[in-house]
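Notes to accompany the following structure.
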Amino acid sequence: MLLAIDTSTGTSVAVVDRDAGILAEAGTHDTMRHAEAIGGAIRDVLERAGVRATELSAVAAGMGPGPFTGLRVGIAAARAFALGIDRPVVPVVSHDAVALAWYSDGGRGPLQVVTDARRRESAVTDYDGLDDAGLPVRLGMPRLEPRDAVPSPRGIRFDADTVSAGSLGLLAELGWSASRLPLAGDEPLYLRAPDVTPSTGKRVTP
């Protein structure tokens with residue numbers, strides 16, 4: 001049983017069980033209130049699922065792609081929560097969760113997942129079905145494309161305005177069962193440098 005957290009778009013938190021599926025999910029589409037929403041969402045899903053933190057086997061974290069400020073809130077929360085209960089963090093590519101949900105809902109063939117990367121750009125990842133373990137077949141890492149000039153996909157283009165933590169957790173459970181972890185690297189998929197850079201400081205003259 002996992003706690004899953006994703007803040008690559010809005011904020012989504014879920015408790016997921018490999019056999020029972022998504023036990024509880026909560027969140028908001030608001031892309032500006034990750035820090036305010038994350039704590040309450042974690043408490044909410046644990047209470048609704050009737051699960052104590054110590055019953056969890058791991059914490060799944062959506063690693064993006066996503067904007068720097070929002071994405072790091074969810075990753076930091078996942079790492080802190082996992083540290084507090086002495087459980088591992090399972091990193092997952094957020095677009096993979098979107099692809100899993102789409103294919104699980106009956107989608108077939110090539111798929112292009114697109115999310116808003118801001119600055120008139122989109123984050124884009126291409127897929128080609130599910131493998132024998134039920135995991136999405138990603139054709140390459142997520143990339144940035146101009147929002148109005150995303151290349152036409154071979155199959156279906158799906159513009160996602162949110163990433164379900166429930167799907168993220170199910171993906172982590174599938175990877176765990178198939179001994180395919182890790183599903184992503186430990187570093188967030190920011191795709192671009194953060195907007196804020198360290199100050200060089202003011203020159204002081206004697």
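The values are calculated or read from the model by the stated rules, or taken from the named source; none is laboratory data. Everything quoted here is computed from the prediction, not taken from an experiment. Neighbour counts are summed over all protein chains in view; Cβ atoms, including those assigned to glycine, are modelled from backbone coordinates with ideal geometry.
Checking every residue in the range 68-78 against the condition of being modelled with pLDDT under 95, within 23 Å of Asp148 (Cβ to Cβ) and touching a Phe, Trp or Tyr at 6+ places or on another chain (Cβ under 8 Å) gives at least one match. Just name the residue that is surrounded by the most Cβ atoms within 10 Å (Cβ to Cβ) out of those in the range 132-179 that are polar (S, T, N, Q) and at negative phi. Here the answer is Ser167.
For (1) in contact with a Leu (Cβ under 7 Å, 6 or more places away or on another chain); (2) farther than 27 Å from Ser57 by Cβ; (3) surrounded by fewer than 21 Cβ atoms within 10 Å (Cβ to Cβ); (4) basic (Lys, Arg), each residue gets a yes or a no:
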| position | (1), (2), (3), (4) |
| --- | --- |
| Arg72 | no, no, yes, yes |
| Val113 | no, yes, no, no |
| Arg119 | no, yes, yes, yes |
| Val124 | no, yes, no, no |
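Could we say that Pro182 is assigned to a loop (DSSP other than H, G, I, E, B), modelled with pLDDT under 95 and surrounded by 13 or more Cβ atoms within 10 Å (Cβ to Cβ) here? Taking the combined requirement at face value, the residue satisfies it. Taken over the range 111-140, the residue count meeting the criterion of being among the acidic types (Asp, Glu) and either outside any strand (DSSP E or B) or in contact with a helix residue (DSSP H, G or I) (Cβ under 6 Å, 6 or more places away or on another chain) (or both) is 3. Scanning the range 88-110 for residues that are in a loop (DSSP other than H, G, I, E, B) and within 17 Å of the chain's Cα centre (by Cα) gives Pro88, Val93.
Residues being assigned to a strand (DSSP E or B) and under 27 Å from Ala14 (Cα atoms) are entirely absent from the range 165-172.
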